[in-house]
Structure formats: structure tokens, C-alpha cells
Amino acid sequence: MHGPKKILVGTDLSESSKAALETAAFYAKTFDADVILASVFDPTPFVAPSVIPGPTDLLESATKEIERSIREALTQTAQDTFGDRVSRVKIVPLRHPAPGDALADLAHDEGVDLIVVASHGRTGLKRVLLGSVAERVTRMAKCPVLVVRAQTEHKG
């Protein structure tokens, strides 16, 4: 068995995704792998296209600004997480309404050997209402997926 040579790590840039980032950095260093650092966004998740009146210049402008902001955040995250290996990290902000599908498709298109994503650990109704990106990636991906449980404080 060989280790991964190309790793995709999906992040929503939240505190909860740090465990997945750290795990991906460990695997990248251990196996001397390249990394694709991706974040999926949808600037209009609750607005039907027919609701937006007239030209969509404003929407396109906002989308470009969101993408620029995400690219900057991903770049900083790559520097903070991957350190001296940052030159082997490809930054990919993705505009797509379904993050799980987008990450699985990106992994396939890029020939990724391993996908690393965080699970927020939601269960029951919260998971049903919010969906599960990690679950969707796991079902859709054609390569292995490592789901890393987000580090949470337990009250006891």
C-alpha cells in the first residue's frame, strides 16, 4: 500500500475545520504529498434567480468579492497550517450550491488520492436540517475520504 500523493482538504474556514487542516498537513508531510485547499461557497443560497431583478452585475460583483476574500483567507490558512510546504498547496475557492458534490467532483477532476474533511459532529434534527458535507463527500467521492471529528469541549 502506498500513501497519498495528492490530498484535497475541504474547509469552511471555521474553528471546527482546524482538526481536518492539521490532519491534512500531517499526511502531506508524512507522505510528501501535494495539497489542494478548497472552500465551497454559494453567494445566493436562498434566492431564486427569478427573484433577482434586472442585470446581474451586482450579484457578479459580490460573487467576485466573496471569492477574493475566500482566496485570501485560504492563502493565510495555507501559510499558517502548511508552513514551509505552502508552495505545494493549491488554493481553490469553489462557487457551487452543494459543497459535498463540489469537493467530490474536484477530487475526481484533480486526480486526488485522499480527501480530508471535518465533521462538526451534529446528530439528529440538526444534521437533517443542515445536511452533512462530510457524509455527502464520503458517498460521492471515488477515492478514500478521511473524516476528522471537530475538536469540541465536552461539558461534564
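The values are calculated or read from the model by the stated rules, or taken from the named source; none is laboratory data. The model shown is predicted, which means the values in this text are computed figures rather than measured ones. Here the Cβ positions follow ideal geometry from the backbone for every residue, glycine too, while neighbour counts run over all protein chains shown.
Kindly indicate the residue of segment 109-124 that is modelled with pLDDT of 95 or more and surrounded by fewer than 14 Cβ atoms within 10 Å (Cβ to Cβ) and also farthest from Cys143 (Cα to Cα) among those meeting that condition.
Filtering segment 109-124 for residues that are modelled with pLDDT of 95 or more and surrounded by fewer than 14 Cβ atoms within 10 Å (Cβ to Cβ), the one farthest from Cys143 (Cα to Cα) comes out as Asp109.
State all residues of segment 1-20 that are within 15 Å of the chain's Cα centre (by Cα), hydrophobic (A, V, I, L, M, F, W, C) and surrounded by fewer than 23 Cβ atoms within 10 Å (Cβ to Cβ); if no residue qualifies, say none.
Correct list: Leu13, Ala19.
Considering segment 66-92 alone, what residues qualify as being touching a helix residue (DSSP H, G or I) at 6+ places or on another chain (Cβ under 9 Å) and either under 19 Å from Lys5 (Cβ atoms) or among the β-branched types (Val, Ile, Thr) (or both)?
Result: Thr75, Thr77, Ala78, Thr81, Phe82, Arg85, Val86, Arg88, Val89, Lys90, Ile91, Val92.
Somewhere in segment 131-139, is a residue assigned to a loop (DSSP other than H, G, I, E, B), at pLDDT below 90, among the acidic types (Asp, Glu) and out of contact with any Phe, Trp or Tyr (no Cβ under 6 Å at 6 or more places or on another chain)?
For segment 131-139, residues assigned to a loop (DSSP other than H, G, I, E, B), at pLDDT below 90, among the acidic types (Asp, Glu) and out of contact with any Phe, Trp or Tyr (no Cβ under 6 Å at 6 or more places or on another chain): absent.
Take Ala98 and tell me if it is closer than 19 Å to Thr44 by Cα, touching a residue at least 12 places away in the same chain (Cβ under 8 Å) and out of contact with any Lys or Arg (no Cβ under 9 Å at 6 or more places or on another chain).
No; evaluated as a whole, the condition is false for this residue.
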